[in-house]
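Read through the structure below, which is laid out as structure tokens, and then see the notes.
The values are calculated or read from the model by the stated rules, or taken from the named source; none is laboratory data. Because the structure is a prediction, the values reported are computed rather than measured. Glycine also receives a Cβ, built like all others from the backbone with ideal geometry; neighbour counts cover every protein chain displayed.
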């Protein structure tokens, strides 16, 4: 019955107009913040490969723009921490393309810092970039989406918002705030706009060496992940493509964890291999 209902043209038309927008409209207009490198670049390339029109922003002009085949992203310089710049960014995308169907709030990050000695100004700047800036962008994009056919707003969160984040405490707190924000906005802005969080675990990018050292260090860290590797930017891109698609039309207010099975509990390594719990079905030790 379900398949027959979807095959009915009238019912399918009703579904496409009543569901939150930013689903299977093609080409969509997609704005990716921090979309010139790392995870953001991978996300931009994923949407370009899907045939969408993609606009990326960053503070500085990039050496190259994300591309997929002959398609290339557009670039608009913007410091997302500045509210006037954010409003101008959204207005410019709408001026060029008439609308925004999907916003990917990806820009963010933090250098390592000791929470006990870092200055209040440092903590404020981290929270401003990782919580307030994406909130302001979402607000501006939502205003445009509500006037039109709706859309999807995706916040790129982090596993740091769900577990201790030593060395980046303010960052972890900001990402935890993002998850709360996503739930609230999903309720306030429904049904025309869906709001979703995608929270990656450890991701290998061109800057991985800054966090994990050389190739041996990266391999050692990857070995602690059940999937046997870190995520690649394309893994996050594919999750965003799903969240923005018609297949995810009921997905809103949710946090999609993308961590390859998580991180191996430290106590297992500390206890030693001979003291680890046996695998299911394995005989107990005498």
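Some points to look at:
- Residue in region 224-239 that is at pLDDT below 95, exposed (fewer than 12 other Cβ atoms within 10 Å of the Cβ), closer than 30 Å to residue 206 by Cβ and over 16 Å from the mean Cα position of the chain (by Cα) present: yes
- Selection count, region 257-274, where residues are surrounded by 18 or more Cβ atoms within 10 Å (Cβ to Cβ) and closer than 14 Å to residue 156 by Cα: 2
- Filtered residue count, region 111-167, keeping only those that are over 17 Å from the mean Cα position of the chain (by Cα) and under 24 Å from residue 235 (Cα atoms): 4
- Test: residue in region 16-37 that is modelled with pLDDT under 95, assigned to a helix (DSSP H, G or I), surrounded by fewer than 12 Cβ atoms within 10 Å (Cβ to Cβ) and out of contact with any strand residue (DSSP E or B) (no Cβ under 6 Å at 6 or more places or on another chain): yes
- The residue list 108, 51 contains one member that is under 20 Å from the mean Cα position of the chain (by Cα), free of Cβ contacts under 8 Å to residues at least 60 places away in the same chain and either under 20 Å from residue 181 (Cα atoms) or not in a strand (DSSP E or B) (or both), which is 51.
- Residue 171 fulfils the conditions (1) in contact (Cβ under 8 Å) with a residue 60 or more places away in the chain; (2) buried (at least 23 other Cβ atoms within 10 Å of the Cβ); (3) under 19 Å from residue 29 (Cβ atoms) except for a single criterion, (3).
- Within region 63-90, the residues that satisfy the criterion of being in contact with a strand residue (DSSP E or B) (Cβ under 7 Å, 6 or more places away or on another chain) and in a loop (DSSP other than H, G, I, E, B) are 65, 66, 73, 78, 80.
- Tally of residues being in contact (Cβ under 8 Å) with a residue 40 or more places away in the chain and assigned to a strand (DSSP E or B) across region 193-246: 9
- Search result, residues across region 148-165 that are surrounded by fewer than 24 Cβ atoms within 10 Å (Cβ to Cβ) and closer than 19 Å to residue 241 by Cα: 149, 150
- Qualifying residue in region 112-133 (condition: at pLDDT below 95, under 26 Å from residue 181 (Cα atoms) and either out of contact with any strand residue (DSSP E or B) (no Cβ under 8 Å at 6 or more places or on another chain) or surrounded by 17 or more Cβ atoms within 10 Å (Cβ to Cβ) (or both)): yes
- Of the residues in region 135-154, at least one is over 20 Å from residue 260 (Cα atoms), out of contact with any strand residue (DSSP E or B) (no Cβ under 8 Å at 6 or more places or on another chain) and in a loop (DSSP other than H, G, I, E, B).
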